[in-house]
1. Please tell me if residue 72 is aliphatic (A, V, I, L, M), surrounded by 13 or more Cβ atoms within 10 Å (Cβ to Cβ) and under 16 Å from the mean Cα position of the chain (by Cα).
2. Of everything in the stretch 41-67, what is more than 26 Å from residue 86 (Cβ to Cβ) and under 16 Å from the mean Cα position of the chain (by Cα)? Give them in sequence order.
3. Pick out the one residue from 39, 47 that is at pLDDT 95 or above and out of contact with any strand residue (DSSP E or B) (no Cβ under 9 Å at 6 or more places or on another chain).
4. Examine the stretch 18-27 for a residue that is touching a residue at least 40 places away in the same chain (Cβ under 8 Å) and among the aromatic types (Phe, Trp, Tyr), and state whether such a residue exists.
5. Do we find that residue 14 is under 24 Å from residue 86 (Cα atoms), touching a Cys at 6+ places or on another chain (Cβ under 8 Å) and not basic (Lys, Arg) in this structure?
6. Can you find even one residue in the stretch 62-72 that is of a type outside the set (S, T, N, Q), touching a residue at least 24 places away in the same chain (Cβ under 8 Å) and not in a helix (DSSP H, G or I)?
7. Determine whether the stretch 3-23 contains at least one residue that is in contact with a helix residue (DSSP H, G or I) (Cβ under 9 Å, 6 or more places away or on another chain) and surrounded by fewer than 10 Cβ atoms within 10 Å (Cβ to Cβ).
8. For the stretch 35-61, which positions are surrounded by fewer than 14 Cβ atoms within 10 Å (Cβ to Cβ) and over 30 Å from residue 2 (Cα atoms)?
Amino acid sequence: MKKKILTAVSTLMLFLPWTILPIRMFDWALASPVAEIIIVSYGAFMIFSGIFTIISYIKGKVQNYLMKVCLIVNSLYGVGGVVLLGMLVNTSFM
């Protein structure tokens, strides 16, 4: 049961970063303070989802096929989140 829950949570984490696309269509989401908050929030979630999936896969020993797909995609999301936050920090201090 624990393995199914961890797999379900990791699977749901695959789709949440894509919700930024409809949010960014609003004018208020493109304004300066709100845009940075949205980017930091999504970047932090992407990093968290990558770490959560890696820990679930290794320590939780959840190694089914769906979890392998989640591991690859969420790891890429995690790397993308680090790059995204790095770009934000780099442009904030320049």
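1. no
2. 67
3. 47
4. Scanning the stretch 18-27 turns up no residue that is touching a residue at least 40 places away in the same chain (Cβ under 8 Å) and among the aromatic types (Phe, Trp, Tyr).
5. For residue 14, the condition - under 24 Å from residue 86 (Cα atoms), touching a Cys at 6+ places or on another chain (Cβ under 8 Å) and not basic (Lys, Arg) - is met.
6. Checked against the condition, which is being of a type outside the set (S, T, N, Q), touching a residue at least 24 places away in the same chain (Cβ under 8 Å) and not in a helix (DSSP H, G or I), the stretch 62-72 yields at least one hit.
7. no
8. 36, 37
The values are calculated or read from the model by the stated rules, or taken from the named source; none is laboratory data. The structure presented is a predicted model; accordingly, all values stated were derived computationally and were not measured. For neighbour counting, all protein chains shown are included, and Cβ atoms are generated from backbone atoms with ideal geometry for every residue, glycine included.
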